[in-house]
Amino acid sequence: MKESFSYRCANRQDVPLVLRFIKELADYEEMLSEVVADEATLEEWLFDKEKAEVIFALEGEKEVGFALFFHNFSTFLGRAGIYLEDLYVSPAYRGRGYGKGLLRQLAKIAAQRGCGRLEWWCLDWNRPSIDFYLSMGAEPMSDWTVYRIAGDTLQQLAK
């Protein structure tokens, strides 16, 4: 399939757009109240500290979706992987191949960088996304449970 759209990496001037996409995704996931990120924080962590990267899917010159990702590491594989934190396509552009295209771009980046895997989490109730990921050949990791320490608990543990 020949894709009629393109991709580009985000730059500092894109921080407001990245934040807008994050908020749109959070709204879709019914988690908008949990977004505390702001433009200054995103700029610092994406561009000053270089802890994550963003690519956009474009239709013409318009950004219609994004993927935010970073490297993790597998001790079993002995190499880095790519962890996809967010994948989002604006509702008006869904069903046109942008999500699949973004995953393909991430797979290309992972392969070019010699990474051993590409992985992500998906909310259990998000059946459309689960079906999409399964159609792409993704395998659910049903033997694993995600644990998290954050906020005050994180601060207490750090003491």
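The values are calculated or read from the model by the stated rules, or taken from the named source; none is laboratory data. Quick caveat, the model's predicted, so the values are computed rather than measured. So basically every Cβ, Gly included, is an ideal-geometry build from the backbone, and we count neighbours across all protein chains shown.
Before we move on, is I22 farther than 20 Å from K108 by Cα, β-branched (V, I, T) and under 14 Å from the mean Cα position of the chain (by Cα)? Give the steps one after another, and end with the answer.
On the way: farther than 20 Å from K108 by Cα: yes; β-branched (V, I, T): yes; under 14 Å from the mean Cα position of the chain (by Cα): yes.
The answer is yes for I22.
The set of residues in the stretch 60-113 being surrounded by fewer than 20 Cβ atoms within 10 Å (Cβ to Cβ), within 10 Å of the chain's Cα centre (by Cα) and aromatic (F, W, Y) consists of F70, Y83.
In the stretch 43-85, what count of residues is obtained for those that are of a type in the set (D, E), part of a strand (DSSP E or B) and more than 17 Å from L25 (Cβ to Cβ)? If you could, list the steps in order and put the result at the bottom.
Taking the stretch 43-85 and keeping what is of a type in the set (D, E), we get 43-44, 48, 50, 53, 59, 61, 63, 85.
Next cut, part of a strand (DSSP E or B) only: 53, 59, 63, 85.
Imposing the further condition that a residue be more than 17 Å from L25 (Cβ to Cβ) reduces the set to 59.
Result for the stretch 43-85: 1.
If you go through the stretch 1-15 and keep only what is over 16 Å from Y98 (Cβ atoms) and either touching a Ser or Thr at 6+ places or on another chain (Cβ under 7 Å) or without any contact (Cβ under 8 Å) to a residue 40 or more places away in the chain (or both), you end up with N11, R12, Q13, V15. Listed by first and then second residue, the pairs linking a residue in the stretch 16-38 that is within 16 Å of A67 (Cα to Cα) to a residue that is of a type in the set (S, T, Y), with Cβ atoms under 9 Å apart and 6 or more places separating them unless they lie on different chains, are F21/Y88; F21/S90; I22/Y88; E24/Y88; E24/S90; L25/Y88; A26/S33; Y28/Y88. For V35, the conditions (1) within 22 Å of L123 (Cα to Cα); (2) loosely packed, with under 11 Cβ neighbours inside 10 Å; (3) aliphatic (A, V, I, L, M) all hold with the exception of (2). Residues of the stretch 40-51 that are surrounded by 13 or more Cβ atoms within 10 Å (Cβ to Cβ) and in contact (Cβ under 8 Å) with a residue 12 or more places away in the chain: L42, E43, L46, F47. Annotation: of all residues in the stretch 133-146 being modelled with pLDDT of 90 or more and farther than 17 Å from I82 by Cα, the one that is surrounded by the fewest Cβ atoms within 10 Å (Cβ to Cβ) is S135.
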